[in-house]
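Okay, structure first, notes after.
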Amino acid sequence: MSIAMLAACASAPLSPLASGLDATTFDGKVRPQDDLYRFVNGRWLANTDIPADLSSYGAFTQLDEQTREHLHQLLEEAVRTSGPPGSDQRKAADFYSSFMDTASIEAQGLQPLAAGLARIDALTDAGDVSGYMGYTQRLGVAEPLLWSVQQDARNATTYITGIDQNGLSMPDRDYYLRDEAQYVGYRQKLQVYITALLTAAGEPDAATRASTIMALERRMAEAHWTRVQNRDPVATYNKMTPVQAAALAPGIDWRRFLDGAGAPVREFVVSQPSFLTALGQLVQSVPVADWKAYFRYKLIDAYAPLLPQAFEQLHFGFYEQTLSGVQQPRPRWKRAVAMLDDSIGEITGRMYVERYFSAASKQRMQQLVANLLEAYEQSIDSLDWMSPATRAEAKKKLALFGVKIGYPDQWRDYSKLEIRAGDLAGNVTRSAAFEHQRMVDRLGKPVDRNEWSMTPPTVNARYSPQLNDILFPAAILQPPFFDPQADDAVNYGAIGAVIGHEISHGFDDQGSQFDGHGNLHNWWSAEDAARFKQRTAALVAQFAAYRVLDNQPLNGELTLGENIADLSGLAIAYKAWQLSLGGRPSSTLDGFTGEQRFFMGWSQVWRRKYRDDNLRMRLSTDPHSPSEFRTNGAVSNIDAFYRAFGVGPQDKLYRPPAERVRIW
């Protein structure tokens, strides 16, 4: 696309449209040069309480709550009007009704798990344990390995089986291994939870079994790789045959495992070989009785939110209240909507799109994406740290980017999925088996590059390094991210930066290891790779210096990919917005220049408050930095921000020019 065409695409949404800013959130006592995040969001932060049923709250959650309410209305309508037996509408209505039918759930008790518990009781030796680990893949309760079908990272045109570590109740290995008081407390409360859950299920000697399960999970946690190690796509790509896996982990009966999963294969990719070795030793050394206790607990735990209220409340008390600080359960309809989105998300997604997503929004987004891609290409051309050969490869990759906006062109076929009214646990089990079989059926077929990994009502976006495409679901294309009635400055600072963020993932420390066809392939010269690493190391150091809670540092290595994407995405969005002006000056609206409103638009979409336990969990598990650091950390590296607000050495967000990180 030429620059002239780019400018024409975006000429329509200039003034006299609204500024796109919400002045009620501003804090006039804070200077943007010192803290852009609180200047834009300070009053909102001071006056907003996190809803009792949420662990954090912000622009994303506000929009997500609105979207869930829309889905709620659609599902209530579907129940009233029903539909022909076997139709998608009837399936959505019956699934939703089964979740809301608490009388049937209470009456059934643990009966929905009877067959699964009996299967566990029948285990007699280590071979049975291996077979059952495979069988759990069909239930959507994959323990302690996670089997999946994915693109082959070394041959992105084909599917291959992948095997990952799993098996822990708590969010990360840190919760089992760290000695700080908070983590000791989490472990104690987990043991209390396991005991209570087993007691409610009528399990004998629940406290002793809970101690056994805790000890087994800790041994698994010791073998888990760290989140930072898991970010290395080369280290986590270990293709092997079942024979080779048997040599690596002889304690696991791989034939039984694969038969249990219902998908014998000739080769698969193992993410963490050392975990397999450790798990194999556990399968052989841990008594079968202990494995049976563990499997019974994990099955009941996984289904607890679908069981009678006693189980549901225990599950909430540990996973939501203890681990995330949530004060009260979500209304049942919210949980029902979330379950349907997880299980039959393209049925409810289609209902949502037909009611709430316009063709005009999709067209405007296509223009914005095209503008961002054009700006990215120009930015690659101007890089002073990259050689011409590597720059040419980067442009090749950019030219092959795919774009998915709003909803899939072809909806998933659920005709083989059986949904029954009054059978919630059964509906969830059959949905998991349906998804498992859908994965199995992929094997041996060409990769479907049109498939969506998010449902349309998702308030998020995504880049896939192996598909080399960016995806923007319908639900995120609303204010404050995207406002068709707003001037372009704020739209580019908000959804434009989100677009740039996702494009930048193709060139972050992980995505940059994949080529334009989605293959794990090094297209960098050694010199350019060293220069890239030098720049990213500076970003690691910048974010590792930020502190939260009781002076805990951010993990700059865990968050590196997202920090690169934030910084580069914002810089490219600014460039695209400047190009879209076609040489015309930007409008001053609500007392702010277009340049200022661009960065304020960026800031207002990141407003968020966290409960302490939720924030602590994010420090261990979330590759994204907390919102204030995403906002201020990125702008402090961008020269245009300094010009927009006159930032100087006396200001808190000032970084000397030599220390400002510039990557893409």
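The values are calculated or read from the model by the stated rules, or taken from the named source; none is laboratory data. Note that the coordinates shown come from a computational prediction; the quantities given were computed from them, not determined experimentally. FYI the Cβ positions are ideal-geometry reconstructions off the backbone, even for glycines, and counts take in every protein chain you see.
The table that follows gives values for the structure above.
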{"item": "Total residues in segment 264-281, condition among the hydrophobic types (A, V, I, L, M, F, W, C) and surrounded by fewer than 21 Cβ atoms within 10 Å (Cβ to Cβ)", "result": "3"}
{"item": "All positions within segment 363-390 that are of a type in the set (A, V, I, L, M, F, W, C), out of contact with any Asp or Glu (no Cβ under 8 Å at 6 or more places or on another chain) and either surrounded by 15 or more Cβ atoms within 10 Å (Cβ to Cβ) or closer than 16 Å to Ser568 by Cβ (or both)", "result": "Met365, Leu368, Val369, Ala370, Leu372, Leu373, Ala375, Ile380, Leu383"}
{"item": "Cβ pairs under 6 Å, 6+ apart, first in segment 401-423 and of a type in the set (Val, Ile, Thr), second at pLDDT 95 or above and part of a strand (DSSP E or B)", "result": "Val403/Ile470; Ile405/Phe472"}
{"item": "In segment 36-69, the residues that are of a type in the set (Ser, Thr, Tyr), within 30 Å of Arg355 (Cβ to Cβ), touching a helix residue (DSSP H, G or I) at 6+ places or on another chain (Cβ under 9 Å) and part of a helix (DSSP H, G or I)", "result": "Thr67"}
{"item": "Residue identified as part of a loop (DSSP other than H, G, I, E, B), at pLDDT 95 or above and on the phi > 0 side of the Ramachandran plot among Gly86, Gly167", "result": "Gly167"}
{"item": "Evaluation of Thr458 against (1) in contact with an Asp or Glu (Cβ under 7 Å, 6 or more places away or on another chain); (2) β-branched (Val, Ile, Thr); (3) more than 14 Å from Val369 (Cβ to Cβ) (one fails), failing number", "result": "(1)"}
{"item": "First in segment 147-159 and farther than 23 Å from Arg255 by Cα, second anywhere and in a loop (DSSP other than H, G, I, E, B), Cβ under 6 Å, 6 or more apart", "result": "Ala153/Tyr237; Ala156/Gln466; Ala156/His517; Ala156/Gly518; Ala156/Asn519; Thr157/Val447"}
{"item": "Any hit, segment 589-600, residues being touching a helix residue (DSSP H, G or I) at 6+ places or on another chain (Cβ under 9 Å) and under 14 Å from Asn637 (Cβ atoms)", "result": "yes"}
{"item": "All positions within segment 84-112 that are over 15 Å from Ala304 (Cα atoms) and of a type in the set (D, E, K, R)", "result": "Asp88, Arg90, Lys91, Asp94, Asp101"}
{"item": "Check on Gly109, of a type outside the set (S, T, N, Q), surrounded by fewer than 17 Cβ atoms within 10 Å (Cβ to Cβ) and touching a Leu at 6+ places or on another chain (Cβ under 8 Å)", "result": "yes"}
{"item": "Those residues of segment 95-137 which are without any contact (Cβ under 8 Å) to a residue 60 or more places away in the chain and over 30 Å from Val337 (Cβ atoms), in sequence order", "result": "Ala118, Arg119, Ala122"}
{"item": "Failed item, numbered, when Asp613 is tested on (1) in contact (Cβ under 8 Å) with a residue 24 or more places away in the chain; (2) within 30 Å of Ser56 (Cβ to Cβ); (3) assigned by TED's automatic domain parsing to the domain that holds Ser379; (4) not in a helix (DSSP H, G or I)", "result": "(4)"}
{"item": "Filtered residues of segment 476-507 (kept if of a type in the set (D, E, K, R), part of a loop (DSSP other than H, G, I, E, B) and surrounded by 24 or more Cβ atoms within 10 Å (Cβ to Cβ))", "result": "Asp487"}
{"item": "Among (1) in contact with a Pro (Cβ under 9 Å, 6 or more places away or on another chain); (2) under 21 Å from Arg38 (Cβ atoms); (3) assigned to a loop (DSSP other than H, G, I, E, B) - the single one Asn637 does not satisfy", "result": "(1)"}
{"item": "Test: Ala142 is in contact (Cβ under 8 Å) with a residue 24 or more places away in the chain and in a helix (DSSP H, G or I)", "result": "no"}
{"item": "Unmet criterion (only one of (1) in contact (Cβ under 8 Å) with a residue 24 or more places away in the chain; (2) charged (D, E, K, R); (3) in a helix (DSSP H, G or I)) for Arg618", "result": "(1)"}
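Table: residues versus (1) closer than 17 Å to Ala278 by Cα; (2) more than 21 Å from the chain's Cα centre (by Cα).
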| position | (1), (2) |
| --- | --- |
| Leu146 | yes, no |
| Val184 | no, yes |
| Asp205 | no, yes |
| Ala215 | yes, yes |
| Val228 | no, no |
| Thr236 | yes, no |
| Lys239 | no, yes |
| Gly251 | yes, yes |
| Arg255 | no, yes |
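For (1) buried (at least 16 other Cβ atoms within 10 Å of the Cβ); (2) part of a loop (DSSP other than H, G, I, E, B), each residue gets a yes or a no:
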{"residue": "Lys416", "(1), (2)": "no, yes"}
{"residue": "Val428", "(1), (2)": "yes, no"}
{"residue": "Ala432", "(1), (2)": "yes, no"}
{"residue": "Val440", "(1), (2)": "yes, no"}
{"residue": "Gly444", "(1), (2)": "no, yes"}
{"residue": "Arg449", "(1), (2)": "yes, yes"}
